[in-house]
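Taking it in order: structure first as structure tokens, then the write-up.
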Amino acid sequence: MTILAFETSCDETSVAVVREGSILSNVVSSQVEVHAEYGGVVPELAARAHLRNLLPVARQAMAQAGVLPRDISAVAATQGPGLPGALMMGLQAAQATAYLLRRPFVGINHHEAHLYSPWTKGHPPRADFAAFQPNLALIVSGGHTMLVHVRAELKHELLGSTLDDAAGECFDKVGKLMGLPYPAGPQIDRLAETGNANAYSFPRPLIFEPHDDFSFSGLKTAVRYFLRDRPGFLDDKQRIFDLCASVQEAIVDVLITKTMRAAKRIAVRCVTASGGVTCNRALRRSLAAACKQNNLELRLAEASLCTDNAGMIGVLAERKIFFNFASTDLNSDILPAWRLADIGIEFKQTLRIS
Ligand code: KG4
Ligand code: ZN
């Protein structure tokens, strides 16, 4: 089976070709430059950039994979959640392609795709579902922070999510306060490497609360007051390094503490992590150390599959077809607020691809 997959939920235009679990091509065109001057994603500009990028990116993905339109057995796209205008571009392109090729269309939940990206490894990346085991999945991206109990393939339960700012959003907003360009997460990661994580103490919101929800807006506000009360603080490089390291430590500490506690409670033996913030080196190191200490297997999504990409959409679509999930109606609409909690508890979707 060969899947052509589209991902346009936010500011990455991506098209991939997936065959029998292998990602043959996964072309991602980032719009970071389009949005950088605004300090965040501008939805209207994102949609327009997708419109311009989709066809060249799709052509490149097909060429890199060495497939022709007639080789495609099904077409997939992110149906939600995400920015409405942005989602509409990818969904429309995928539905039109499926219609013209007379192939089934599969609408995919973006977060559900993140749940399975840690199972894909290697060059070319290949999904290894034979190794699958029940796990606790941490999704940490720019818009979402979630803990999900993945009980079996395509069967999951949302344990907690962010009540306000997500971890990536916190990195980005703290960076903005420091005058760093958007998205600031990767730069804070870099600047923090030479900083002292114990230099300044920042709040760890909800860290000891007996639930799995997250909140990072208080941390961002603490940094705002910290800088307000120290004029000229950012004039010194070492202080910037120390601030980045201290804020990063607070975010990582919350993520690790809550993830380990939930893993123990639900008694899984495996933890996975995906989403853009999973690229963060301190988080990767701390997760590895905490899992080792707690005797848990750790599966981190590879860097290229952490951030938004169509490869993970194609892998999940193929898996859904394998498990006989229904194809999605060609006239179906975008689902900008599609919650992970609405799918995957039971095999609710009706069956068969004809
Ligand atoms: O998953 P993603 O590509 O897009 C969303 O669905 O949001 O995640 C983007 C987020 C941004 O907030 C970015 O700052 C953050 O991931 N990010 C990082 C790192 N790389 C990306 N945050 C911290 N450290 C990094 N190395
Ligand atoms: Zn994402």
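Looking at the range 96-176, what % of the alpha carbon pairs are farther apart than 14 Å? The calculated P(r) of the range 96-176 puts 71 percent of pairs beyond 14 Å. Classify the range 1-58 as rounded, prolate or oblate, taking a ≥ b ≥ c as the square roots of the eigenvalues of its Cα gyration tensor: rounded when a/c is under 1.5, otherwise prolate if a/b is larger than b/c and oblate if not. Taking the square roots of the gyration eigenvalues as a ≥ b ≥ c, the range 1-58 is prolate.
In summary, the chain shows an alpha-carbon radius of gyration equal to 0.99 times the 2.2 N^0.38 Å reference for compact globular proteins. Here the range 159-313 was treated as a single set of alpha-carbon atoms; its pair distances binned every 10 Å from 0 give 11, 39, 36, 13, 2 percent. When the alpha-carbon atoms of the range 102-236 are used, the pair Rg, Dmax equals 18.7, 63 angstrom.
What the range 212-285 shows is 41 Å² of accessible area per residue, with the surface traced by a 1.4 Å probe over protein heavy atoms. Over the range 1-143, the pair-distance histogram of Cα-Cα distances with 5 Å bins from zero comes to 2, 10, 18, 22, 20, 15, 8, 3, 0 percent, rounded to whole numbers.
The angle separating the long axis of helix 167-177 from the principal Cα axis of greatest extent in the chain is about 50 degrees. Comparing Cα centroids, the range 233-305 and the range 113-162 end up 16 angstrom apart. For the chain, take the longest principal axis of its alpha carbons; what is the angle in degrees between that and the long axis of helix 237-266, to the nearest 10 within 0 to 90? Tilt relative to the chain: about 60 degrees.
With the convex hull of the Cα atoms taken as the outline of the range 264-325, the averaged projected area works out to 5.3 nm².
Tell me, what % of the accessible area of the range 226-354 is carbon and sulfur with a 1.4 angstrom probe?
Percent of accessible area from carbon and sulfur atoms in the range 226-354: 50.
Measuring nothing but protein heavy atoms, the accessible surface of the range 80-216 at 1.4 Å probe radius is 56 percent carbon and sulfur. Computed over the range 148-220, the range of Cα coordinates on each principal axis works out to 41, 25, 22 Å, biggest value leading.
The C-alpha radius of gyration of the range 212-258, expressed as a fraction of 2.2 N^0.38 Å, stands at 1.29. For the range 1-116, the solvent-accessible area works out to 40 Å² per residue, with a probe of 1.4 Å and every protein chain left in place. Between 0 and 90 degrees, the angle of helix 281-293 with respect to the longest Cα principal axis of the chain falls at about 90 degrees.
When restricted to Cα atoms, the range 233-354 yields an Rg and a Dmax of 19.4, 64 Å, respectively.
The values are calculated or read from the model by the stated rules, or taken from the named source; none is laboratory data. Remember, it's a predicted structure, so these values are computed and weren't measured experimentally. The protein model used for the area step is the full one, side chains on, heavy atoms only, and it has no ligands, DNA or RNA in it. Shrake-Rupley method; radii C 1.70, N 1.55, O 1.52, S 1.80 Å.
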